[in-house]
Amino acid sequence: MSSDVAIQGIAQDYVTLFLAVPLLLAALIFSSKGSLRSRFLLAGILNYFLLTYLFYLEMAMYNEMFLAYIILTGTSFFAFVILLLTFDIQKMPVIFNSNIPVKFIGGFLIFNSIVIALLWLSVVIPPLIDGSIIPDAVEHYTTLTVQGLDMALFLPISFVSGFLLIKKKPFGYLMSTVTLVFLPMLMTALTAKIIAMAMTG
């Protein structure tokens with residue numbers, strides 16, 4: 001892990017510790033009491049933990065926290081999947097207010113995924129065209145982990161969720177809601193990273 005990425009990781013750790021963990025605990029408590037909103041919140045937070053520690057597992061240099069990253073990634077993944085399976089998918093359109101602007105929300109998710117995908121492609125494609133092959137962003141790593149996982153998994157999920165929401169499909173309601181919880185958490189972490197980088201020069 002480069003020094004820049006390490007600084008960003010520390011900043012995200014603060015967000016995780018002081019925001020994500022309290023929200024996770026609160027969501028666990030209230031969802032256990034039957035709160036549907038808390039279950040959506042819990043799913044979004046688990047998605048955040050999954051992405052965070054999947055990146056840590058793949059990008060951080062081997063250290064004494066390696067097993068912790070494995071445990072956090074694995075438990076986040078299985079908890080996230082198991083929680084999603086507890087939702088009654090077919091009831092999703094009934095649960096949500098019919099006045100919800102599904103086209104706007106779905107369009108936002110689609111737009112967001114396309115913009116970020118284009119951003120990452122602008123890193124990957126030019127070196128392929130000019131023959132240099134390896135982007136500068138690879139630095140000392142062996143590949144572009146963030147860009148790869150984003151374009152393979154997280155951006156398609158956002159795109160499909162938005163598309164299905166526009167079509168008012170049950171799965172679209174579920175995954176769009178989860179994504180809309182996850183994105184503010186991710187943006188908070190990204191903001192913290194930017195601030196940390198600015199403070200360290």
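What follows draws every value from the coordinates through simple rules; no lab data is involved. This structure is a prediction, so every number in the text was calculated from the model and none was measured. We place every Cβ from the backbone using ideal geometry, glycine too, and count neighbours over all the protein chains shown.
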Seminar exercise, completed: The equivalent-ellipsoid semi-axes of the chain, taken as the square roots of five times the Cα gyration tensor eigenvalues and listed largest first in whole Å, are 30, 22, 15
Exercise. Which distance in nm do the two modelled labels at Met197 and Tyr62 give, with both placed 7 Å along the Cα-to-Cβ direction?
Worked result: 2.9
Problem set entry | Helix 36-59 axis, angle to the chain major axis (alpha carbon atoms, nearest 10°) | 20
Problem set entry | Distance in nm between pseudo-label sites at Phe96 and Ile133 (7 Å out along the Cβ direction from Cα) | 4.5
Exercise. What is the spread of the Cα atoms of the range 91-200 along each of their three principal axes, largest first, in whole Å?
Worked result: 52, 36, 20
Problem set entry | Theoretical gain in end-to-end length, Tyr141 to Val21 [0.36 nm per residue, Cα-Cα removed] | 40.2 nm
Problem set entry | Ranked packing of 117-127, 57-67, most packed first, by mean Cβ within 10 Å | 117-127, 57-67
Problem set entry | Under Karplus coefficients 6.51, -1.76 and 1.60, residue-wise ³J(HN,Hα) of the range 145-152 in Hz, glycine/proline x | 5, 4, 4, x, 5, 4, 6, 7
For this session: Within the range 89-185, list the trypsin sites (Lys or Arg not before Pro) lying in a DSSP loop whose Cβ has at most 16 other Cβ atoms in a 10 Å radius.
Result: Lys167, Lys168
Exercise. Quick one: if you stick a label point 7 Å off each Cα along the C-beta vector at Phe30 and Ala6, how many nm between them?
Worked result: 3.9
For this session: Mind checking which lysines have their Cα closer than 17 Å to the Cα of Lys103? Skip sequence neighbours fewer than 8 apart in that chain.
Result: Lys167, Lys168, Lys169
For this session: Convert each backbone phi in the range 103-112 into a coupling constant with the Karplus relation 6.51 cos²θ - 1.76 cosθ + 1.60 (shift: θ = phi - 60°), then list the ³J(HN,Hα) values in order as whole Hz, x for Gly and Pro.
Result: 5, 5, 5, x, x, 4, 5, 5, 4, 4
